[in-house]
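Take a look at the structure set out below.
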Amino acid sequence: MTMRILRNSELVEDEWTLIEDGRADIEAGPGKVIVTLARWRVEREALLRGHAAVGVLVPNTADIEAVFAEIEDRPLIVLQFPTFTDGRALSQAVVLRKRLGFRGELRAVGDVIRDLVFWLGRCGFDSIVPRKDQSLEGCREALREITVAYQAAADAHTPVWVRRRSGVVASH
């Protein structure tokens, strides 16, 4: 059974399967799998031989700069939000995009609620798996609710102060 997610502002079927750490074996197959950083470290070669693509789930407690060399070539990095009030994964995302230059897909999972969605996009997340009680369509709408940004971030928004200086936005 596939799950729908929000990727690049679109509702799509998720082609990735999360493999829990408790599973003793990972069936080989052409599919795309997500494993924890701990499992990646132990089973890297077997995972690469057995699957079309392997993404890595990184806990928000990890020093993303310290582990980046191990995961920089992964097509998908998944960052966790254990609670919506814990923004460490937002900081990890900005570091991955702005400082480390990660160009693969960056996904937010966990206690992801509608109120976080705009900020996830600003910090460089491509895909979002919201908490089960959150509406995917509502999360999609949240991406369009705020059109003016005051700070620079990992997205393409030009901060309003830069736009004002260049005369693009009236300074009322």
Check your understanding: Taking into account only those residues within region 124-136 that are in a loop (DSSP other than H, G, I, E, B) and small (Gly, Ala, Ser), which is surrounded by the most Cβ atoms within 10 Å (Cβ to Cβ)?
Key -> 124
Point to revise | Scope region 57-82; condition assigned to a helix (DSSP H, G or I), surrounded by 14 or more Cβ atoms within 10 Å (Cβ to Cβ) and either in contact with a strand residue (DSSP E or B) (Cβ under 6 Å, 6 or more places away or on another chain) or among the aliphatic types (A, V, I, L, M) (or both); matching residues | key: 64, 67, 71
Point to revise | Residue that is modelled with the lowest pLDDT, among those in region 18-52 that are charged (D, E, K, R) and in a helix (DSSP H, G or I) | key: 49
Practice item. Identify, from the list 67, 78, the residue that is closer than 27 Å to residue 118 by Cα, of a type in the set (A, V, I, L, M) and under 15 Å from the mean Cα position of the chain (by Cα). Key: 78
Check your understanding: Which of (1) touching a residue at least 12 places away in the same chain (Cβ under 8 Å); (2) small (Gly, Ala, Ser); (3) in a loop (DSSP other than H, G, I, E, B) is the odd one out, the single condition residue 121 does not satisfy?
Key -> (3)
Check your understanding: What do you reckon, is residue 85 in a strand (DSSP E or B) and modelled with pLDDT under 95?
Key -> no
Study note, to complete from the structure: Across (1) of a type outside the set (Gly, Ala, Ser); (2) in contact with an Asp or Glu (Cβ under 8 Å, 6 or more places away or on another chain); (3) surrounded by fewer than 22 Cβ atoms within 10 Å (Cβ to Cβ), residue 107 clears everything bar (3)
Point to revise | Qualifying residue in region 96-116 (condition: free of Cβ contacts under 8 Å to residues at least 24 places away in the same chain and either more than 24 Å from residue 21 (Cα to Cα) or in contact with a Ser or Thr (Cβ under 9 Å, 6 or more places away or on another chain) (or both)) | key: yes
Practice item. Any residue in region 1-23 that's touching a residue at least 40 places away in the same chain (Cβ under 8 Å): show its pairings with residues that are part of a loop (DSSP other than H, G, I, E, B) and hydroxyl-bearing (Ser, Thr, Tyr) at Cβ separation under 8 Å, as long as the two are six or more apart or on different chains. Key: 14/2
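The values are calculated or read from the model by the stated rules, or taken from the named source; none is laboratory data. Because the structure is a prediction, the values reported are computed rather than measured. Using ideal geometry, Cβ is built from the backbone for each residue, glycine included, and neighbour counts are taken over all protein chains shown.
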